[in-house]
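Enquirer: Can you read through this structure? Questions will come right after.
The values are calculated or read from the model by the stated rules, or taken from the named source; none is laboratory data. None of the values given here were measured: they were computed from a predicted structure. Counting neighbours? That spans all protein chains shown, and the Cβs are built from the backbone with ideal geometry, glycine included. All accessible areas refer to the heavy atoms of the entire protein, side chains included, with ligands and DNA or RNA removed. Shrake-Rupley method; radii C 1.70, N 1.55, O 1.52, S 1.80 Å.
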Amino acid sequence: MIALRGVRKAFGRTVALDGLDLEVREGEFFCLLGPSGAGKTTTLKTVAGLERPDAGSVLLDGEDMAGVEPYDRGVAMCFESYALYPHRSVYDNLASPLRSPRHRLPAAEARDRIGAVAGLLGIGGLLDRPVDRLSNGQRQRVALGRVLVRPARAFLLDEPLSHLDARLRQRMRAELKAIGAVRRTTTLYVTHDAVEALALGDRVGVIRDGRIVQTGTREDVWHRPCDTEVARAFGRPRINLLPAAVTETGVRTDGGADLPVRAEAPAGTEVLVGVRPRDLTLHGEGHRLTGTVYVTEVLGRSVEVTVRLGGQRVSLVAPRADAARLRPDDPVGLSVRPENLLLFEADRPGRPGRRIGKSAR
Ligand code: ATP
């Protein structure tokens, strides 16, 4: 178990962590998601003992880590900028953590472990090659392997797949998940990629400006995002946020469409209605929104259609058969699947609107 309680860390005037609270449960694969500069790496370093918090505490398995040296914390960390021995072979690099007095394993066991991890990471054929003759993606996998070979009470992984191409990334995600399931080691995994966070995390924590703004399962962050920024972080194309006003029965969009969303706000309040692109249907029955086609883009078997609704643009994803013939300026009617509608306060500068309601159904 990893716990951070009220952790604050500043570098000069830059506040990297601003009272951060986070708990990763025993055996859990926890993804920390946030934009550049949000404090992700600082969080990992604080857990590893490479940064000392100015205030607050870090606990591992309930034990306060204040004053405990990094080496004695029993965590294995993989940095985005990986430190490998460039002239040594892949095998030697993977074996070096197992040569430290703490983790020394009998030679046969070490060989088995290295073989298994190298196989999972797809670098089994490179064991004899010096690291300085590897591609960046291969090096990154060696760095990850160095973490995974050694027994640890927690893995701390900082964007370990960032240098891989899309296909390899996808494969490695599946492998990592399999490794996690097999090893059941508590893992704190940092990423700025929402797809990765949803694919890998048992739970996801969204970090912004040095604080956790929401923690939950993928269903929680997808269906119940705490504010517009979290809603925008998940899903491509992005969620549509339509300006609207609360009425007695739901909300009315600026374009005059009535939508059945239960608002926890008085009539007249200005709000944003969140509609995911897959919850809009072209020419559906009883359509509520009308507009004109702005642009279409084929995404394999489906098409992303951007529609002008008054002064707004909304995206939807439609089956290719329904959207193939659409041309710019064609009139279209959109129906809304009401069960997934979300409602937010209007955004204010520097303050994304909080969620204040959900579909009335
Ligand atoms: P990225 O995704 O770009 O790696 P991050 O979320 O990991 O970002 P951190 O590296 O934790 O963010 O940095 C958080 C803030 O603290 C940033 O504003 C960064 O510039 C600052 N910071 C981090 N380390 C230091 C340092 N050693 N000295 C000064 N400022 C630092």
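Enquirer: Cross-link partners among aspartates and glutamates for Lys40, C-alpha distance below 13 Å, same-chain residues fewer than 8 apart left out?
Expert: Asp18, Asp21, Glu51, Glu80, Asp158, Glu159, Asp193, Asp209
Enquirer: If you don't mind, there's one more thing I want to ask. If the elastic network links every pair of Cα atoms under 10 Å, which of Leu60, Leu134, Leu17 fluctuates the most in the Gaussian network model of the chain?
Expert: Looking only at Leu60, Leu134, Leu17, the biggest GNM fluctuation is shown by Leu134.
Enquirer: Compare the peptides 289-298, 40-49, 194-203 by average per-residue count of other Cβ atoms within 10 angstrom and give them in order, highest first. Display every interim value, and only then the final one.
Expert: On the way: 289-298: 15.9, 40-49: 23.2, 194-203: 19.6.
Final packing ranking: 40-49, 194-203, 289-298.
Enquirer: Oh, and also: For region 102-133 and region 293-337, what is the centre-to-centre distance using only Cα atoms, to the nearest Å?
Expert: 50 Å
Enquirer: Now a separate question. Would you work out the relative contact order for the chain, in percent, from Cα pairs under 8 angstrom that are 6 or more residues apart?
Expert: Relative contact order, the chain: 16 percent.
Enquirer: What spacing in nm lies between the two simple spin-label points modelled at Ser36 and Asp132, each 7 Å away from Cα in the Cβ direction?
Expert: Between Ser36 and Asp132, the simple spin-label model gives 2.9 nm.
Enquirer: Which percent of the accessible area of the chain is formed by carbon and sulfur heavy atoms (probe 1.4 angstrom)?
Expert: Values: 8290 of 17390 Å².
Ligands and nucleic acids excluded, carbon and sulfur reach 48 percent.
Enquirer: GNM on the chain, C-alpha springs below 10 Å: top fluctuator among Arg113, Arg218, Arg167?
Expert: Arg167
Enquirer: How large is the translational diffusion coefficient of region 238-359 in µm² per second when you combine the Kirkwood radius over alpha carbon pairs with Stokes-Einstein at 4 °C and 1.567 mPa s?
Expert: Roughly 88 µm²/s, to the nearest whole number.
Enquirer: Grab the DSSP H runs of the chain that are 4 residues or longer, score each as -39,500 (n - 2.57), total them, divide by all residues and round the 222 nm result to the nearest 500 deg cm²/dmol.
Expert: -6500 deg cm²/dmol
Enquirer: At 0.36 nm per residue, minus the direct Cα-Cα distance, what do Arg327 and Lys177 gain on full extension? Give it in nm, one decimal, please.
Expert: Taking Arg327 through Lys177 to full extension adds about 49.7 nm, to one decimal.
Enquirer: Let me spell out the model: positive unit charges on the Cβ of Lys and Arg, negative unit charges on the Cβ of Asp and Glu, origin at the Cα centre of the chain. What dipole size does that give, in debye rounded to 20?
Expert: 800 debye
Enquirer: Between Val15, Val336, Val147, where does the largest GNM mean-square fluctuation fall for the chain, given springs only between Cα atoms within less than 10 Å?
Expert: Most flexible of the set in this elastic network: Val15.
Enquirer: Right, next: What is the sum of charges around Phe344, taking Lys and Arg as +1, Asp and Glu as -1, for the other residues whose C-beta is under 9 Å from the C-beta of Phe344?
Expert: -1
Enquirer: Let me ask something additional. Please compute the contact order of region 285-361 in relative form: average sequence separation of alpha-carbon pairs under 8 Å and at least six residues apart, divided by the residue count, as a percent.
Expert: 28 percent
Enquirer: What full-extension length gain, to one decimal in nm, is calculated for Asp64 and Ala265 as 0.36 nm per residue of separation minus the Cα-Cα distance?
Expert: 68.0 nm
Enquirer: Next up: Please list 3J(HN,Hα) in residue order for region 122-139, calculated via the Karplus relation 6.51 cos²θ - 1.76 cosθ + 1.60 where θ = phi - 60°; whole Hz, with x for glycine and proline.
Expert: Calculated HN-Hα couplings, in order: x, 10, x, x, 10, 4, 8, 7, x, 4, 6, 10, 10, 6, 4, x, 5, 4 Hz.
Enquirer: Over the chain, average the accessible area per residue using a 1.4 Å probe and give it in Å², no decimals.
Expert: Normalised by residue count, the accessible surface of the chain is 48 Å².
Enquirer: Let me ask something else. Using only C-alpha positions, report the orientation-averaged shadow area of the convex hull of region 2-228, nm², one decimal.
Expert: Taking a quarter of the hull surface, the average projection is 12.7 nm².
Enquirer: Quick one: 3J(HN,Hα) in Hz for region 232-240, Karplus 6.51/-1.76/1.60 with θ = phi - 60°, rounded, Gly and Pro as x.
Expert: 6, 5, 9, x, 10, x, 5, 4, 8
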